[in-house]
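Colleague: I am attaching a structure below and will ask some questions about it afterwards.
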Amino acid sequence: MCYGVLRVVDNALLLLTIAVMEIIQTIHQMQVFADEVRASGKILSLVSTMGYLHEGHLSLVRRAREESDVVVVSIFVNPAQFGPGEDLGSYPRDFESDRMLLQKERVDVIFAPSVAQMYPEPSLTYVYVHLLTETLCGADRPGHLDGVSLVVAKLFNICKPHKAYFGAKDFQQQLVIRRMVRDLNFDVEIVTCPIFREEDGLAMSSRNTYLSPRERSCAQVLNQSLAEAERMVKEGERNVETILGKMREMIEAKNPDRIDYVSAVDPNTLEPIQEIKCPVLFALAAKFGKSRLIDNRLVEP
Ligand code: PAF
């Protein structure tokens, strides 16, 4: 993916190494490329995205760049993970900007298949990860996580990564994928990277672009309520209802359009917990304007 170029500068011949990023659009080409990388003994990493990249995505790309020889970033807005009435049609897209950002990060390949390439006919096969998909976002967005598991399983079979990077903002998603990998023996290591936040604490998300300035300022309360939950636990509060009540009160004061959930769960099983003894995951989802935002924080008592 690198080639040398000879340039004359001040009468001296310089050999410059220029990284060339490939854009692959077909499954067959991607699989051939991945087979070649694996056969050469190099470590191949995948960062799967739906595009409209922000610093959160780029933090995954940078980590992948550091830890592997060849970095593939997939850009695919996956229809299978959007429910009826969700924002599939209006999901933000800007391939040219994504391409430039990834070129700067020295990504080797963008895998950008079309919907027809990924789903030439409706998939009769789904990957259903029992229990872990039935709470939190799984309860509010039926079928969403099944669509995620389906496309991620396909991407693993197409891009054949040794390592795959996911963000902790989608905590449930990375847990579901980890479990799918374990249950189905995918030969890939899942790496979960920390949540990347805006300066005001709002977790980075492509959907933040839908927020008006007022909604954007109100949405800061999501991270603030998680910080408050952590503060309460650190100061000895052990009653989950008291903490969740305080978080809801803070969020409601900012007039969200909807609160989907404010929960305290076991970070391994996602089952609700009653009393805080072990590490606890505080997780929430709320809608401000058109944006359904999620966030979470893992707290050690
Ligand atoms: O987190 C996302 O952007 C998507 O759910 C993913 C993992 C790329 C699958 O479409």
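Colleague: Within segment 89-99, restricting attention to residues that are open to solvent by 30 Å² or more (accessible area, probe 1.4 Å) and in a helix (DSSP H, G or I), which residue is farthest from the ligand (Cβ to nearest atom)?
Modeller: Filtering first and then ranking leaves GLU96.
Colleague: Also: How many of the residues in segment 156-169 are open to solvent by less than 50 Å² (accessible area, probe 1.4 Å) and either assigned to a helix (DSSP H, G or I) or hydrophobic (A, V, I, L, M, F, W, C) (or both)?
Modeller: Total meeting the criteria: 7.
Colleague: Hey, LEU131 hits all of (1) modelled with pLDDT of 95 or more; (2) more than 26 Å from GLU271 (Cβ to Cβ); (3) over 18 Å from the mean Cα position of the chain (by Cα) but one; which does it fall short on?
Modeller: (2)
Matching residues to (1) buried (at least 19 other Cβ atoms within 10 Å of the Cβ); (2) away from the ligand (no atom under 12 Å from the Cβ):
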site	(1), (2)
GLU55	no, yes
VAL61	yes, yes
GLU67	no, yes
GLN81	yes, no
PRO84	no, yes
ASP87	no, yes
LEU101	no, yes
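Colleague: Shifting gears a bit: Restricting to segment 103-151, name every residue that is of a type in the set (Gly, Ala, Ser) and open to solvent by less than 30 Å² (accessible area, probe 1.4 Å).
Modeller: Listed by number, the residues that qualify are ALA112, GLY138, GLY147, SER149.
Colleague: I'm trying to understand the selection: among the residues of segment 89-120, which are hydrophobic (A, V, I, L, M, F, W, C) and touching a residue at least 60 places away in the same chain (Cβ under 8 Å)?
Modeller: Step one: filter segment 89-120 for residues hydrophobic (A, V, I, L, M, F, W, C), giving 95, 100-102, 107, 109-112, 115-116, 118.
LEU102, VAL107, VAL109, ILE110, PHE111, ALA112, MET118, listed by residue number.
Colleague: Only one of these is open to solvent by 10 Å² or more (accessible area, probe 1.4 Å) and in contact with a helix residue (DSSP H, G or I) (Cβ under 9 Å, 6 or more places away or on another chain): LEU184, LEU222. Name it.
Modeller: That would be LEU184, the only listed residue that is open to solvent by 10 Å² or more (accessible area, probe 1.4 Å) and in contact with a helix residue (DSSP H, G or I) (Cβ under 9 Å, 6 or more places away or on another chain).
Colleague: Limited to segment 16-53, what total is found for residues that are within 15 Å of the ligand (Cβ to nearest atom) and either within 14 Å of the chain's Cα centre (by Cα) or more than 20 Å from PRO113 (Cβ to Cβ) (or both)?
Modeller: Residues that pass the stated criteria total 8.
The values are calculated or read from the model by the stated rules, or taken from the named source; none is laboratory data. None of these values were measured; they are calculated from a predicted model. When we count neighbours, we look across all protein chains shown, and the Cβ atoms used for this are built from the backbone with ideal geometry, even at glycine. Each accessible area value is taken on the protein alone, full model and side chains, heavy atoms only, with ligands, DNA and RNA left out. Shrake-Rupley method; radii C 1.70, N 1.55, O 1.52, S 1.80 Å.
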